[in-house]
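The values are calculated or read from the model by the stated rules, or taken from the named source; none is laboratory data. This structure is a prediction, so every number in the text was calculated from the model and none was measured. Positions of Cβ are generated from backbone atoms using ideal geometry, with glycine treated the same way; all protein chains shown enter the neighbour counts.
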Amino acid sequence: MILQRKSDVFFCSLLLGVLLICLMVADAAISRRLDRDGVQERRAIVRVLALTDLCLTTEARYTRHPSMADLHTPFQEHPLSLDHFPAGALMPPPPHLRPQDGGE
Amino acid sequence: MGAIEKQRHILDFTLSSLGRRTGKNIALVIVYALVIFLIASVLFLADALKNEAVQILQDAPEIVVQRLVAGRHDLIPTHYMESIKTIRGVQSVESRLWGYYYDPFSGANYTLMVNADLNDHPGAIIIGAGVSRRSEPGKPLQPLRKNDLIPFKTSGGEVLTLQVKGLLPAASELVTADLILVSEPDFRKLFSVPNDRATDLVLQARNTKELATIATKIAQIHPDSRPILRDDMLRTYDAVFDWRGGVILMVLSGVFFAFIILAWDKATGLSAEEKREIGILKAIGWETSDILLMKFWEGAAVSLTAFFLGIFLAYLHVFLASSLLFEPVLKGWAVLYPHFRLTPHIHIYQIAVLFFLTVIPYTVVTIVPSWRSATIDPDAAMRL
C-alpha cells in the first residue's frame, strides 16, 4: 500500500494542487490559442465600426464610453452634485484627463 | 532517524491532531478558502478584462476629435474635416454619428450609431446581442429576431418604427451588446441632428509616430476641439481595471485582515485541550523546536489546502461561471448587461503573488505566538 501514512496523503494532495494550477495555466494558454479567431473578429468589428470602448456598464455615458468622457460628465446634474451611479465609484477618470498628462 | 523521516513523523502526528478537531478545522479551511477565492476572483477578472481591452482596442480609431462647448461634449461642424485633412500626415478623416437612446419600455440605454452600409436601407437596423434580449416589464422575455420591429420616439415626439435587419455576432458582445446600427437619415430624424453636424471625427494617420503632433496641430487650428489618441483609450482601460480591482481588493483586504486577526487570536489563545497536548508532548521528550515544527506543519496544511481550493474555485467562477458573484457590481443601475465569457488569462506571477499574500502571512501569524505555548512548563500544562 503506497498511501499508508497520513503524510503520504498530504504530499499527494499538495501534488494534486500543484497539478491543478499547472492545468489552469495550460487551459488558459490553450483557450487563448483557440480564441485567436474570436479576437480577430472582435478587432475587425472595432475597426469597421470605429468603436472606442468596451460595453461593460451602460448606466451612464461616462461609464459606457469612459475614454470619450470629459471632466464634467460625472457632474452633469449640477457642478457640485456628486456622482450618483454605482459604477462611477468603481471607475476613475481617464488618465488623459488628469492635469499632469496634459489634459484639461 | 533522518531529517526527512523526522519531519514526516511530525507531520503524521500533526495531521492526526488536526483530525481530532475536524469540525473546527474544516470551518477554518472553508472561511480561509473563501477569502482566497474572493481575492483571486478579483485579480483574475481584472487581468482578463484588461487583456481583452488591450487586444480588442488595438484597432480602435487612431484619433477621435471631439468639440467641447462650455466644458461639455457638443456636436462638431463637419467643415472641420476640411481643415484637418490639410494637416500633413493625416491620411483620412471621417465623421461619426452616434448617441444614446433611453428605451422607456425596457428601461435600457442603447448606443445608436450610424453605419454607412445602411444608408441605402432607411428604416433598417442591426442590433447587438444585448439589445435582442430587450424585454418589457411584465412581459415574458422573447428575444428579438430578424424583421421584428422596435418603436423609437424622436426628439419631436413622433414614433419612428425601425425593423431589425440583422444581429451583430454574439462573440462580439463585449463591444456591441448595447449597439444599434442605423442609417444616417434615421439617426438625424431621431435626434434632429443638423446635416452639417456630426458627433465626432475619426482620423487615420500615415505614420502612428506622428499622432501626438497631429493632435497638437488640430488643437491649434480648432481651439474648441479635443483630440483623443488611441493610446489614451488603451490607458483608460488600464486605469479602470487597476482602479476597479484596487477598490474591490481594498474592501476585501478588510476581510483578509479580520481573518488574520482570527488566526492570530486562535494561535495565541490555545484551548485547554491543545495546551494539555503540548504539555504531554514535552513531558515525553519533545523539544520546543519540535512543537514549533508541529505548529508550522499545522499552519501549512490549513493554508495550502485553502489556497489550492480558493484558487481553483476562483478560476471556475471567473472563466466558467462568467463572474456570477460580481455581476451586480459591474452592472450597477444598468438594465442591459453584456453576457460574455472571458478568455482565461492567468500566469505564474499572479499565482505567486497570491501565494505570498495569503499563505505566508497566515503561516507566520500562527507560528509566532506558538512560541509562547511551546515554552510552557509541561507540569503546569497537564494540570490545566
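Tabulated values for the structure
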item: Selection within segment A:1-49 - among the small types (Gly, Ala, Ser) and over 21 Å from the mean Cα position of the chain (by Cα); result: A:Ser7, A:Ser13, A:Gly17
item: Which listed residue is facing chain A (nearest Cβ under 9 Å), out of contact with any Phe, Trp or Tyr (no Cβ under 9 Å at 6 or more places or on another chain) and either farther than 30 Å from B:Ser322 by Cβ or modelled with pLDDT of 85 or more (or both), from B:Leu11, B:Leu68; result: B:Leu68
item: Boolean, B:Tyr315 is assigned to a helix (DSSP H, G or I), modelled with pLDDT under 85 and surrounded by 21 or more Cβ atoms within 10 Å (Cβ to Cβ); result: no
item: Single condition A:Ser31 does not satisfy, out of (1) modelled with pLDDT of 90 or more; (2) surrounded by 17 or more Cβ atoms within 10 Å (Cβ to Cβ); result: (2)
item: Failed item in (1) at pLDDT below 70; (2) part of a loop (DSSP other than H, G, I, E, B); (3) at the interface with chain B (Cβ under 7 Å from one of its Cβ atoms), with A:Pro79 passing the rest; result: (3)
item: Count of segment B:69-103 residues which are more than 30 Å from B:Lys209 (Cβ to Cβ) and among the acidic types (Asp, Glu); result: 2
item: Subset of segment B:74-90 [surrounded by 12 or more Cβ atoms within 10 Å (Cβ to Cβ) and touching a residue at least 60 places away in the same chain (Cβ under 8 Å)]; result: B:Leu75, B:Ile76, B:Pro77, B:Thr78, B:Tyr80, B:Met81, B:Ser83, B:Ile84, B:Ile87, B:Gly89, B:Val90
